[in-house]
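The values are calculated or read from the model by the stated rules, or taken from the named source; none is laboratory data. Since the structure is predicted, the reported quantities are computational estimates derived from the model, not experimental observations. All Cβ positions, even for glycine, are placed from backbone atoms using ideal geometry, and neighbour counts span all protein chains on display. To get the accessible areas, we keep the full protein, side chains included, count just its heavy atoms, and leave off ligands, DNA and RNA. Shrake-Rupley method; radii C 1.70, N 1.55, O 1.52, S 1.80 Å.
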Amino acid sequence: MKPALLEVMRMNRICRMVLATCLGSFILVIFYFQSMLHPVMRRSPFGVDICCRKGSRSPLQELYSPTQPELSNTAVLHQMRRDQVTDTCRANSAMSRKRRVLTPNDLKHLVVDEDHELIYCYVPKVACTNWKRLMMVLTGRGKYSDPMEIPANEAHVSANLKTLNQYSIPEINHRLKSYLKFLFVREPFERLVSAYRNKFTQKYNTSFHKRYGTKIIKRQRKNATQEALRRGDDVKFEEFVAYLIDPHTQREEPFNEHWQTVYSLCHPCHIHYDLVGKYETLEEDSNYVLQLAGVGSYLKFPSYAKSTRTTDEMTTEFFQNISSEHQTQLYEVYKLDFLMFNYSVPSYLKLE
């Protein structure tokens, strides 16, 4: 049975989450949302404009009022995912909406595709390299055709994609109202272990070793050698967790984007996302976005097996040596991500 169908069945069996009484009223932010449905200028795979011919529909129109019967069931699934986010924001309003009005800096993760009226909030360690590649194809006006021909390092060059913070406030508001907004999420602790493995166990990531590894070892390791303090390339997962839950860390500076929470990167309690894709149903959800954008006939999400991918079993092993006290504190840091995106408390956790 497909993971998406299992999710629908599970969510149909449970009542809508009401976790707490809403504390205080919602903050009215300037970047609020309302779907404004109108025709869209489309482009062919070769970058040639296809004008707004009669019957042409925007991604928002196709999402909320699908013309293709096979998309209707998927639309129901994504409505439930949207409801889950909304309910969690309401139930945890004091925590999730305590921030001030969003600033342009808060929008630097939202990549804009003008031609197909899409806004994608990228979350590191959730297939963001391949989605950035896709966005380069979509916005490249024929410069790129195969996303996998784009080198990974080129996909992360900020100048290759336009982000929402580069627009004026009226332009930002217009795009938030008119474009289809989507993001992809992953089981929070699996994503965290993936970030740790990539940034602290790979010898080539010297910049992370120098900036974060040396700091973590200095703060968390007793009797650290001078070599370890200088190189910062042998951080243990237990030390990484201790660093994340340390109040000093959270006062010092925001988390790095690779282990920052999704609600802090993409602000789903302030910005209404029309579609929440999941890592567990990555190809299916990604190709659904491409279908809504009208490019699904010639552009697909890159599919390839990666044997080094962090799995649930691997994540379980990493948490074996984490004390129940630290597990509980870490869960509190990522709790909203678990709740918003309908991830259960992992069975391997020993919460206090």
Would a scan of segment 194-206 turn up a residue that is modelled with pLDDT under 95, open to solvent by less than 30 Å² (accessible area, probe 1.4 Å) and either within 21 Å of the chain's Cα centre (by Cα) or charged (D, E, K, R) (or both)? no
Please return the ranges of helices (runs of 4 or more DSSP H) entirely within segment 213-325 where 3 or more residues are surrounded by 12 or more Cβ atoms within 10 Å (Cβ to Cβ) and free of Cβ contacts under 8 Å to residues at least 12 places away in the same chain. none
Could you run through segment 199-212 and say how many residues are assigned to a helix (DSSP H, G or I) and out of contact with any His (no Cβ under 9 Å at 6 or more places or on another chain)? 6
Selection within segment 164-175 - open to solvent by less than 70 Å² (accessible area, probe 1.4 Å) and part of a helix (DSSP H, G or I): 164, 165, 172, 173, 175
Which count do you get for residues in segment 115-143 that are open to solvent by 10 Å² or more (accessible area, probe 1.4 Å), in contact (Cβ under 8 Å) with a residue 40 or more places away in the chain and over 15 Å from residue 286 (Cα atoms)? 7
Mind telling me which of the residues 104, 59, 66 ends up being surrounded by fewer than 16 Cβ atoms within 10 Å (Cβ to Cβ), out of contact with any His (no Cβ under 6 Å at 6 or more places or on another chain) and more than 25 Å from residue 187 (Cβ to Cβ)? 104
Find the residue count for segment 151-200, including only residues that are under 18 Å from residue 112 (Cβ atoms) and not small (Gly, Ala, Ser). 25
Scanning segment 286-327 for residues that are more than 23 Å from the chain's Cα centre (by Cα), among the hydroxyl-bearing types (Ser, Thr, Tyr) and at pLDDT 95 or above gives 323, 324
